[in-house]
Amino acid sequence: MAERPYIVGNWKMNGTRAMLSEARAIDRAAQRYMKVEVAVAPPYTLIHAVHKEAEQIGVGAQDCHSGPEGAHTGDINASMVADAGAKFVILGHSERRQDHGETNELINAKIESALEAGLRVILCCGETLETRDAGGAETFVLDQLKSSLGAFQDPAERLTIAYEPIWAIGTGRTATTEDIAAMHTAIRKLLDETFGEEASSMVRILYGGSVKPENATEILNTPEVGGALVGGASLSAESFLGIVVGASETEEA
Ligand code: PEP
């Protein structure tokens with residue numbers, strides 16, 4: 001694994017200021033697990049407040065617009081989330097792809113503008129159950145990554161990939177460790193071919209999909225798994241920290 005295990009909470013469309021106490025609790029506890037890199041992506045409305053609370057954890061956004069300032073009612077761009085305190089942005093989450101029709105081309109444009117604004121990027125990919133059952137998961141995910149990355153050539157410390165099979169998100173189902181290892185190994189091969197082995201080794205590949213304290217250690221000990229992107233279980237400090245503890249017990253931590 002390139003660096004410390006990376007555990008990222010995606011709060012999705014959850015959280016009012018009452019959630020700041022959870023962020024505070026996560027931040028204080030994370031100081032005891034320095035071998036694990038911990039971060040949360042709250043909704044836009046809480047980025048600045050969580051950033052002000054955070055001494056240890058990273059704070060990021062769940063999306064951003066691909067363009068500069070302008071007439072786009074309701075949108076927020078990369079430099080605006082950076083200004084609010086975000087250090088990274090999650091792009092290409094399957095819920096954005098499904099709910100907002102985001103294409104690989106659009107995600108590629110968002111990657112470029114996020115990097116330009118100085119943000120790190122967590123690029124999500126993952127197949128539907130239909131695609132997996134038809135035997136096309138690997139081809140689909142690798143194509144998704146190739147098109148989303150486009151001509152991007154320089155991942156150094158700025159790119160993280162999150163493999164999230166859509167059928168495992170919020171369903172309580174997790175992929176088997178064999179399936180996770182196979183997909184992560186295929187993604188690593190693509191990264192090696194695209195960026196060269198040295199640069200590729202700096203890109204962590206997270207797994208996401210119903211990760212919880214009970215399965216975290218097993219998943220995080222799977223070859224090529226560099227951390228986890230966590231939805232539901234990141235909404236309470238107790239369950240999220242259970243995953244952080246699991247990460248601190250992996251061989252690489
Ligand atoms: C996610 O949506 O990124 C995710 C992994 O959700 P959950 O952990 O709830 O499956």
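For segment 185-230, which positions are β-branched (Val, Ile, Thr) and touching a residue at least 40 places away in the same chain (Cβ under 8 Å)? Listed by number, the residues that qualify are Ile187, Thr194, Val203, Ile205, Ile219, Thr222, Val225, Val230.
Scanning segment 210-231 for residues that are within 12 Å of the ligand (Cβ to nearest atom), among the aliphatic types (A, V, I, L, M), out of contact with any Asp or Glu (no Cβ under 7 Å at 6 or more places or on another chain) and within 19 Å of Leu123 (Cα to Cα) gives Val211, Ala228, Val230.
Here segment 121-134 is the region considered, the condition is being open to solvent by 70 Å² or more (accessible area, probe 1.4 Å) and closer than 15 Å to Asp179 by Cβ, and the residue that is modelled with the highest pLDDT is Ala134.
The values are calculated or read from the model by the stated rules, or taken from the named source; none is laboratory data. The structure presented is a predicted model; accordingly, all values stated were derived computationally and were not measured. Here Cβ is always computed from backbone atoms with ideal geometry, including for glycine, and neighbour counts include all displayed protein chains. Surface areas here come from the heavy atoms of the whole protein model, side chains and all, with no ligands, DNA or RNA. Shrake-Rupley method; radii C 1.70, N 1.55, O 1.52, S 1.80 Å.
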